[in-house]
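Colleague: Once you've had a glance at the structure underneath, I'll fire off some questions.
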Amino acid sequence: MGASGSRAGAAVPVLVLLASVPVTWSFSGSIAASSSGVRDAVAAQPGTGTLVLLRHGESAWNLSGRFSGWVDIDLTPLGEAQARRAGRLLSACGLDRIQEAHTSFLRRASRTLSLCLTEAGMSESPPNLASSWCLNERHYGALTGLCKKQAKAALGDDAFRTYRRGFSTSPPPMEPDHPFWQGDKPCYAAVKEELPHGESMEECYQRVLPYLREKVFPSIRSGKTVMIAAHNNVLRCIIKDIDDIPVESIRDIEVPKAVPIVYHLDTATLQSVSPKSASGMSCTSLGLEMQTTCPETQRSIPDLREEKEFYSVPFTSVFTRQFLQTEAKRVGIDPCSFPAYGTGSREPVPSTVGKCSKHHLQQQQQVEDAGTKAGPQNIRTPANLLAADIGSAKSPLPMATCFPR
């Protein structure tokens, strides 16, 4: 497990993570092609613990192709249905007794956890719940709120790829006057001085790993089954640590949305006891195989979203020529490398790209509440226009309480 060294313990706990990212490296290569094979693969083993990782379901900004970062974006109706399906997958393979669950301060992760656990039948005896800002998504700095297509056209392919997928390069920093600054929210009051203004993947890794080792691994050592419901980059950091994924390869890992990923960890060393697949990962995914061989887990998920406009931050409201000059100096490139640098005050790409609109700032002002930006829940997006509940009518568990670590 990288440089983590030997970890003493007696029994191996189970940790479950739920994630919602597109797959570049397949998570299904080591899964048995039958429902009984999947159940056997994830069954508790002597001397091990189970860790389950789960990425959140589709959010409104996943759908519109925007950098979400720390903005508290909610799930779409499809994302809610994906979260419920994750619960059915857990129940179908016998992982319906989670003892401890961790999630972030962001509702797309905490609601995914709540809906999943409820669907898995754990509403009467829920696990111990904890939430922390340390499990928040990677902070995308000043890119937050921008449409990815718009940012790519304005910054150029190379800079965009480096900001988004580079391991050590942080994005342009977010200042407190940014439209989506989150540092004034009450849940961050106790840790305000520690909050990032933008993170590289490496900085995200350095934030996540201490929480994993101080808050999660002790429970694993004591034989508990633990779930982490979080975000793509957070789960990539955990996978990198457990499977010792090289830095140059971590960018290729995409965690599937709301598909439980299961690790068996030795309680003494906290290393995975399962063989690695060709991709270098030793986890078992409860994905395609379980859905096709165990049809009861795959209730219909209707996609009711409509072609409505999404609101976004105009690129030039944040990335002025002066800002681009400063950023070019920070990363050591010619400012003319940014296609948007020569456009002056003009919008670098059409406002329709990525279904973006210049009117977002006006809309955002309308949803601010008591100094806390309320996010998109009051903006007319497909997720908010569609009030119909998809899937189970069960009442979800209460979301994990927000408290700093």
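The values are calculated or read from the model by the stated rules, or taken from the named source; none is laboratory data. This is a predicted model, so every value here is computed, not measured. For neighbour counting, all protein chains shown are included, and Cβ atoms are generated from backbone atoms with ideal geometry for every residue, glycine included. With ligands, DNA and RNA removed, areas are computed over all heavy atoms of the protein, side chains included. Shrake-Rupley method; radii C 1.70, N 1.55, O 1.52, S 1.80 Å.
Colleague: Can you work out which of the residues in the stretch 292-311 that are modelled with pLDDT under 60 and under 22 Å from the mean Cα position of the chain (by Cα) is least open to solvent (accessible area, probe 1.4 Å)?
Modeller: For the stretch 292-311, the residue satisfying everything is 310.
Colleague: Turning to a different aspect of this structure: In this structure, does residue 129 turn out to be farther than 30 Å from residue 248 by Cα, of a type outside the set (Gly, Ala, Ser) and modelled with pLDDT of 90 or more?
Modeller: Criteria met by residue 129.
Colleague: Filtering the stretch 120-141 down to residues that are on the phi < 0 side of the Ramachandran plot and without any contact (Cβ under 8 Å) to a residue 40 or more places away in the chain, which residue is most open to solvent (accessible area, probe 1.4 Å)?
Modeller: Per the criteria, the residue is 124.
Colleague: Of everything in the stretch 84-108, what is small (Gly, Ala, Ser) and modelled with pLDDT under 95? Give them in sequence order.
Modeller: 86, 87, 91, 92, 94
Colleague: Restricting the search to the stretch 248-261, which residues are surrounded by fewer than 24 Cβ atoms within 10 Å (Cβ to Cβ) and in contact with a helix residue (DSSP H, G or I) (Cβ under 8 Å, 6 or more places away or on another chain)?
Modeller: Within the stretch 248-261, 250, 251, 253, 254 qualify.
Colleague: With respect to residue 144, is the statement that it is surrounded by 22 or more Cβ atoms within 10 Å (Cβ to Cβ), of a type in the set (Val, Ile, Thr) and in contact with a Pro (Cβ under 9 Å, 6 or more places away or on another chain) true?
Modeller: yes
Colleague: Can you tell me how many residues within the stretch 153-195 are open to solvent by less than 40 Å² (accessible area, probe 1.4 Å) and part of a loop (DSSP other than H, G, I, E, B)?
Modeller: So the answer is 15.
Colleague: Among (1) open to solvent by less than 20 Å² (accessible area, probe 1.4 Å); (2) out of contact with any helix residue (DSSP H, G or I) (no Cβ under 9 Å at 6 or more places or on another chain), there is one condition residue 46 misses while meeting the rest; what is its number?
Modeller: That leaves (1) as the condition not met.
Colleague: Here's a follow-up. Out of the residues in the stretch 196-212 meeting the condition of being in contact with a helix residue (DSSP H, G or I) (Cβ under 9 Å, 6 or more places away or on another chain) and of a type in the set (D, E, K, R), tell me which one is most open to solvent (accessible area, probe 1.4 Å).
Modeller: 202
Colleague: When you go through (1) within 25 Å of residue 265 (Cβ to Cβ); (2) buried (at least 24 other Cβ atoms within 10 Å of the Cβ); (3) modelled with pLDDT of 95 or more one by one for residue 69, which number turns out not to apply?
Modeller: That leaves (1) as the condition not met.
Colleague: Follow-up question, since we're still on this one. Specify the residue that is farthest from residue 285 (Cα to Cα); the eligible residues are those in the stretch 78-109 that are of a type in the set (Ser, Thr, Tyr) and open to solvent by less than 10 Å² (accessible area, probe 1.4 Å).
Modeller: The residue in question is 104.
Colleague: Tell me yes or no: at least one residue of the stretch 145-168 is among the acidic types (Asp, Glu) and over 22 Å from residue 338 (Cα atoms).
Modeller: no
Colleague: Which residues, taken from the stretch 213-222, are surrounded by fewer than 17 Cβ atoms within 10 Å (Cβ to Cβ) and either under 18 Å from the mean Cα position of the chain (by Cα) or not polar (S, T, N, Q) (or both)?
Modeller: Of everything in the stretch 213-222, those that are surrounded by fewer than 17 Cβ atoms within 10 Å (Cβ to Cβ) and either under 18 Å from the mean Cα position of the chain (by Cα) or not polar (S, T, N, Q) (or both) turn out to be 213, 214, 218.
Colleague: Suppose we filter the stretch 253-262 for residues that are more than 15 Å from residue 229 (Cβ to Cβ) and not β-branched (Val, Ile, Thr); how many remain?
Modeller: 1
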